[in-house]
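The values are calculated or read from the model by the stated rules, or taken from the named source; none is laboratory data. Bear in mind that the values here come from a model prediction, so they are computed numbers and not experimental data. A quick note on method: Cβ atoms are made from the backbone with ideal geometry, for glycine too, and the neighbour counts reach across all protein chains shown.
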Amino acid sequence: MAEAALYTTVRGEGSDEFEEKRSVFIGHAKHITTEEEALDFVKSVKKKYYDARHNVYAYVLSSAPVMRYSDDGEPQGTGGIPVLETINKSGVTDVCVVVTRYFGGILLGAGGLVRAYSHGAAIALRAAEIITYRKHFVYELECSYQNYQKYLFEMSRAGIREENTEFGEFVTLRFAVLEEEAEAFVKRISEIGNGREIPRKIDERFG
């Protein structure tokens, strides 16, 4: 299976809250890249809201991949799983979501808890700002000074910026191209250089 050309996560950290039958739910979300970061975030939220009845959480990591959740004392399946499912439905990865609940004295029932924790996770993700990055291929091209200007012109036409350029006996040019545009652009560059100067792929990244 081909690796995804899109990467969706949250830009940073955010929180939001709402009230349901006197219970206050506070959703928190944060971009993370390791389990240690996720657990540190959970710990920090629990410390801040130490007097809350529950701090339900779930996190998803793109590496491995890893998915973990906790009901933190809520009836099984009514907290952690709804939070995890909300994350997965949003397509977001590398994120940790904690939904804090201050119990208001009125029982919500299993269905009510599922809806509340799902909503808490959704507003937390929105607050942390969901963002999608596209995969780029990074190329390096060693070329003559004469052709360098031609390549810059072609890159400008395609909306591609040079990332790094070194000037020596030859020019070493580095640039990044969207994955779906890479093959055609490399072909065009090769044609300009009459097949003697061909970009070499050196990396992949999302941006």
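What to note about this one:
- All positions within the stretch 39-69 that are touching a residue at least 24 places away in the same chain (Cβ under 8 Å) and of a type in the set (Gly, Ala, Ser): ALA52, ALA58, SER62, SER63
- Residue in the stretch 91-104 that is hydroxyl-bearing (Ser, Thr, Tyr), modelled with pLDDT of 95 or more, assigned by TED's automatic domain parsing to the domain that holds VAL45 and out of contact with any Leu (no Cβ under 8 Å at 6 or more places or on another chain) present: yes
- Candidate set: the stretch 79-91, residues that are farther than 15 Å from THR8 by Cα and aliphatic (A, V, I, L, M); chosen: the one surrounded by the most Cβ atoms within 10 Å (Cβ to Cβ): VAL83
- Residue within the stretch 125-141 that is under 30 Å from LYS21 (Cα atoms) and touching a His at 6+ places or on another chain (Cβ under 9 Å) present: yes
- Strands (runs of 3 or more DSSP E) fully within the stretch 1-79 counting 2 or more residues that are of a type in the set (Val, Ile, Thr): 6-10, 23-31, 54-61
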